[in-house]
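I have placed the structure first, in the form of structure tokens, so that the comments after it can refer back to it.
The values are calculated or read from the model by the stated rules, or taken from the named source; none is laboratory data. Just so we're clear, the structure is a prediction, and the values are computed from it rather than from any experiment. We place every Cβ from the backbone using ideal geometry, glycine too, and count neighbours over all the protein chains shown.
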Amino acid sequence: MKFNVLLISGLSLLGFAACIKTADPGELDSPIKIVATKAPEYSDEARKSEREGTVIVEMLVDTDGKVIEKKIVESSGHTDLDNAALEAASGWSFSAPVSAGKNVRTKISVPFEFVTIIPYDELDVKPEPLTQVKPSYPEDAKAGGHEGQALVQAILGKDGKPEETTLKQSSGFEELDNAALDAAARWTFKPAMKQGNAVKTSVVIPFSFKLD
């Protein structure tokens, strides 16, 4: 008798799960937002072998925003990169998807790009600045007499535009650091080259803040 109760409960749960709607992204009341991400591991062996590519992973997002299933819809052509992308997808989460006021499941496709970043000193042609944006001097920093130098590291894409900027050395003042990061993101460069091909690389941009 106890076994029958458990069996009925199990069937009820399966029936409940089957009733959860999977809505297309366009059917949601508002687009889901990314809550957490995980970068894929790009192994040293893959980097040294210069294996590159983009993996597109389709994720099934549950009613609470967690990824419960994932599959590759476009392969990079390299098994290790594909597996790294799938592993990373498990660490993603989103805001709860809602359609017609009810929590639903939805699917979203996310690209994971694996591109080798060539060290600056190994380039055949170094990136040259084309557009240099001077950072604004925040008024509160001026009022406080804040001065300093911030060093920003920028990852440049193959088109010479910054794809990511991070603070390598702080000026000692957050408002100056933020101004430097904002300016660096708007710089553009002549693409870096190696063996006749445009490549990704990184540069360090210094920004000095000195009151007159």
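Structure notes:
- Which listed residue, of 93, 109, is in contact with a Lys or Arg (Cβ under 7 Å, 6 or more places away or on another chain), in contact (Cβ under 8 Å) with a residue 40 or more places away in the chain and either under 15 Å from residue 56 (Cα atoms) or surrounded by 14 or more Cβ atoms within 10 Å (Cβ to Cβ) (or both): 93
- Residues of the range 50-71 that are assigned to a strand (DSSP E or B) and on the phi > 0 side of the Ramachandran plot: 53 alone.
- The listed residue being assigned by TED's automatic domain parsing to the domain that holds residue 138, at positive phi and at pLDDT below 95, out of 172, 196, 157: 196
- Any hit, the range 203-211, residues being outside the structural domain of residue 47 (by TED's automatic domain parsing), under 24 Å from the mean Cα position of the chain (by Cα) and free of Cβ contacts under 8 Å to residues at least 60 places away in the same chain: yes
- Restricting the search to strands (runs of 3 or more DSSP E) fully inside the range 129-198 and requiring at least 1 residues that are among the aromatic types (Phe, Trp, Tyr) gives 188-190.
This table checks each residue for (1) under 23 Å from residue 125 (Cβ atoms); (2) out of contact with any Lys or Arg (no Cβ under 6 Å at 6 or more places or on another chain); (3) surrounded by 15 or more Cβ atoms within 10 Å (Cβ to Cβ); (4) among the hydrophobic types (A, V, I, L, M, F, W, C).
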| residue | (1), (2), (3), (4) |
| --- | --- |
| 153 | yes, no, yes, no |
| 159 | yes, yes, no, no |
| 167 | no, yes, yes, yes |
| 175 | no, yes, yes, no |
| 181 | no, yes, yes, yes |
| 184 | yes, yes, yes, yes |
| 192 | yes, yes, yes, yes |
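- Number of residues in the range 38-49 that are part of a loop (DSSP other than H, G, I, E, B) and surrounded by 12 or more Cβ atoms within 10 Å (Cβ to Cβ) equals 6.
- Some residue of the range 48-59 being modelled with pLDDT of 95 or more, within 30 Å of residue 115 (Cα to Cα) and small (Gly, Ala, Ser): no
- Tabulated pairs, the range 168-181, first over 15 Å from residue 153 (Cβ atoms), second of a type in the set (A, V, I, L, M, F, W, C), C-beta under 7 angstrom, 6+ apart or interchain: 173/141; 175/141; 176/141; 176/150; 176/209
- Within the range 58-86, the set of residues being surrounded by fewer than 16 Cβ atoms within 10 Å (Cβ to Cβ), closer than 13 Å to residue 43 by Cα and either within 18 Å of the chain's Cα centre (by Cα) or not assigned by TED's automatic domain parsing to the domain that holds residue 32 (or both) comprises just one member, 83.
- Within the range 199-209, the only residue that satisfies the criterion of being among the β-branched types (Val, Ile, Thr) and either surrounded by fewer than 18 Cβ atoms within 10 Å (Cβ to Cβ) or not in a strand (DSSP E or B) (or both) is 204.
- Taking the range 85-114 as the range and being part of a strand (DSSP E or B) and aliphatic (A, V, I, L, M) as the test, the residues that pass are 98, 108, 110.
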